[in-house]
1. If you take the residues of the range 311-326 that are under 18 Å from Val11 (Cβ atoms) and in a helix (DSSP H, G or I), which of them is farthest from the ligand (Cβ to nearest atom)?
2. Report, by residue number, each residue of the range 341-378 that is closer than 19 Å to Ala461 by Cβ, within 16 Å of the ligand (Cβ to nearest atom) and either among the β-branched types (Val, Ile, Thr) or surrounded by fewer than 16 Cβ atoms within 10 Å (Cβ to Cβ) (or both).
3. For the range 327-386, give me the residue count where each residue is farther than 27 Å from Gly301 by Cα, assigned to a loop (DSSP other than H, G, I, E, B), in contact (Cβ under 8 Å) with a residue 12 or more places away in the chain and of a type outside the set (Asp, Glu).
4. Going through the range 82-108 one residue at a time, which ones are among the aliphatic types (A, V, I, L, M) and touching a residue at least 40 places away in the same chain (Cβ under 8 Å)?
5. So is Ala20 of a type in the set (A, V, I, L, M), surrounded by fewer than 18 Cβ atoms within 10 Å (Cβ to Cβ) and modelled with pLDDT of 95 or more or not?
6. Scanning for something hydroxyl-bearing (Ser, Thr, Tyr), out of contact with any Leu (no Cβ under 9 Å at 6 or more places or on another chain), in contact (Cβ under 8 Å) with a residue 12 or more places away in the chain and within 21 Å of Ala23 (Cβ to Cβ), does the range 245-259 turn up at least one residue?
7. In the range 181-240, how many residues are in contact with a helix residue (DSSP H, G or I) (Cβ under 6 Å, 6 or more places away or on another chain) and assigned to a helix (DSSP H, G or I)?
8. In the range 39-78, which residue that is crowded, with 19+ Cβ neighbours inside 10 Å and at positive phi is nearest to the ligand (Cβ to nearest atom)?
Amino acid sequence: MKRHAVDVAIVGVGTAGMSAYTAARAHTDSIVVIESNAYGTTCARVGCMPSKLLIAAAEAAHRARAATLFGVHAESVRVDGEAVMARVRAERDRFVGFVLEAVERWPAAHRLCGPARFLDPHTLMVGDDTQVEAQRIVIATGTSPALPEGWREALGERLLVSDDVFDWTRLPESVAVAGAGAIGLELAQALARLGVRVRLFGRGGRLGPLTDPAALAAAHAAFGAEYALEPDVRIDTVARDGDAVRVRWSGQGGAHEERFACVLTATGRRPNLAGLDLARAGLPLDARGVPVHDRNTGRIGDSQVFIAGDVAQDRPLLHEAADDGRIAGDNAGRYPDIRSQRRRAALGIVFCEPQIAVAGESYRALCQRNAAFAAGEVSFADQGRSRVMAMNVGVLRVYGEHASGRFVGAEMVGPAAEHIGHLLAWAVHQDMTVDDMLACPYYHPVIEEGLRTALRELNKALMRGPDPVPRSMDCGPGA
Ligand SMILES: Cc1cc2nc3c(=O)[nH]c(=O)nc-3n(C[C@H](O)[C@H](O)[C@H](O)COP(=O)(O)OP(=O)(O)OC[C@H]3O[C@@H](n4cnc5c(N)ncnc54)[C@H](O)[C@@H]3O)c2cc1C
């Protein structure tokens, strides 16, 4: 048995684990990271980056087909699936390479390979032959795709998860995508735009992170117009049918059946906790089995164990995982002098088209805490710049607090939501009032003029501003 005694052990070398390592190492050189799989992170290998590469190819095809509207003819668009996937894999490997370079710069003595599990609150077993005794431990083990019960047995290798997509060497003829969260929405549309026959199955009408009924209605209309979307159905059975699969589902329109080359399940991700033997660590767990922790310190209960990244199940997003890692790693390194860190305003983006963004508090969160708030809205149907670019689809809903006039959040499905979402999250983070936001400059003609229209509506609803002038011409047409 090999034995190591260290100040800090970090389990999982993803985004959170890597930033935890850097932060903890500012305090101590007595440190190990433990990784059970290949280095490279979920983000670079099977997450943010390869999904955006696939979407970029899909957008190129879509733009070419849509050019006719402008009098530009590129009707004979041909998608070469092998070339599409070759670029996705090559660029993905490049991004993974950057991560590998970073990890390989760390001293070899700081890196252990193998699955880690707890033997007691201060001891980890790594594989079969290594024990690590650590004063403090950071759990940064990420998440894995959750499979609906029985589907693997029913479909075998015809059941895919998002990880599988990015290793494809060619595109399938058809895919049933189960799950209309961010990953399902992004992949379904990208594949449809690349010529794959797609049907996307959701539950309860939910689409990505949207909760505002007006934004959801706009999203249903936009995506339903482009590909086969079943936002509120139950998949009754999935079964092998020769070298394909047969999916049966039912909803308001009755029962249906369709044959696909494969099923891609995007029905959520579960925290990688099962193999850690948490019971031996004596950590407090919530009803989901996730360690009870403080988001501002990363600390689990009053233990010397910290948690960071998607495994913590707070905000499973890249920038949050990096922040979590920094906070948990810093505190594991500096223990017992723990520091509480302010967190950033919430921001979630889905890279479908129209894009989705939720910034600050969502509509549902405001309703759940009985907030006294008002909403403003703009439709992009006639918004000048959006219309110029033929991206005039969707709606932006902005929320402000009655007592203070503070801007508290927004939900958007519409053009450039990845950028507007940032402005909105920054405004929440800076505690800006709606007045403050309206006092900022707005160029012409830009999509942000639509944001200004929504904010004027909101200020009126908060009884802090005048009736907005319909089709205001103060900055040109189509504001
Ligand atoms: C398809 C897809 C698209 C995404 N797109 C976006 C996006 O556009 N924007 C965004 O912000 N986020 C996106 N995300 C989410 C983002 O990728 C994650 O938030 C982020 O990668 C989480 O990092 P992490 O460090 O928590 O986990 P990971 O990077 O998964 O790292 C966890 C590591 O722990 C290791 N591990 C697990 N168990 C053990 C064990 N017992 N012992 C040792 N090691 C272990 C794993 O092998 C893994 O390497 C996407 C995710 C997916 C799947």
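The values are calculated or read from the model by the stated rules, or taken from the named source; none is laboratory data. Being a predicted model, the structure only gives us computed values, none of them experimental. Don't worry about glycine lacking a Cβ; one is built from the backbone with ideal geometry, like all the others, and counts go over all protein chains shown.
1. Out of the qualifying residues, it is Arg326.
2. none
3. 9
4. Those that are among the aliphatic types (A, V, I, L, M) and touching a residue at least 40 places away in the same chain (Cβ under 8 Å): Val84, Met85, Ala86, Val88, Val96, Val99, Leu100, Ala102, Val103.
5. No, not satisfied.
6. No.
7. Residues meeting the conditions: 4.
8. Across the range 39-78, the extreme among qualifying residues is Thr41.
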